[in-house]
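First comes the structure, then the notes that go with it.
Read-outs: derived from the displayed coordinates by stated rules, not from any lab. Every value quoted in this text rests on a predicted model; they were computed, and no experiment measured them. Counting neighbours? That spans all protein chains shown, and the Cβs are built from the backbone with ideal geometry, glycine included.
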């Protein structure tokens, strides 16, 4: 039923609580492939780059973006290797941008059948202030989304 599962990870232990669920689905044969995704914020680049430097503004932006992408890559490729070492078919990807938008885009481009992600469990003012990536993904995609609550989750409104 689920050939390909997308697992968005942000580098936190909380997000990783989705991995055991994904491993169980893959071990049982329900899922054939796991797609890992890490989305990092695009770097904030100060617009007052001094004239007279060796690099142009465009080269400066390119260097800063490349550095941010490389940092984003480190974590997700470690998780990919860990799952491959356990015998799973895994593909990893990292992107710079807005998390919910990039998750939906990745899901569509990879034609995933299921998204498994952890919910950070924000409620009230913090949810309003930060928004909910899980909620935005859920409202923007047509494939099923399995939300995993973190261990020690407390019910609240």
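Relative to the present Cα-Cα distance, how much length would full extension add between residue 13 and residue 41 at 0.36 nm per residue of separation?
8.3 nm
Could you work out how much longer the chain between residue 101 and residue 1 gets when fully extended? Use 0.36 nm per residue separation minus the Cα distance between them, nm to one decimal.
33.5 nm
Pop a pseudo-label 7 angstrom from the Cα along the beta-carbon direction at both residue 69 and residue 109 and give the gap in nm to one decimal.
Those two pseudo-labels are separated by 1.1 nm.
Roughly what would the spin-label model give for residue 86 and residue 30, points 7 Å off Cα along C-beta, in nm?
So the two model labels end up 1.5 nm from each other.
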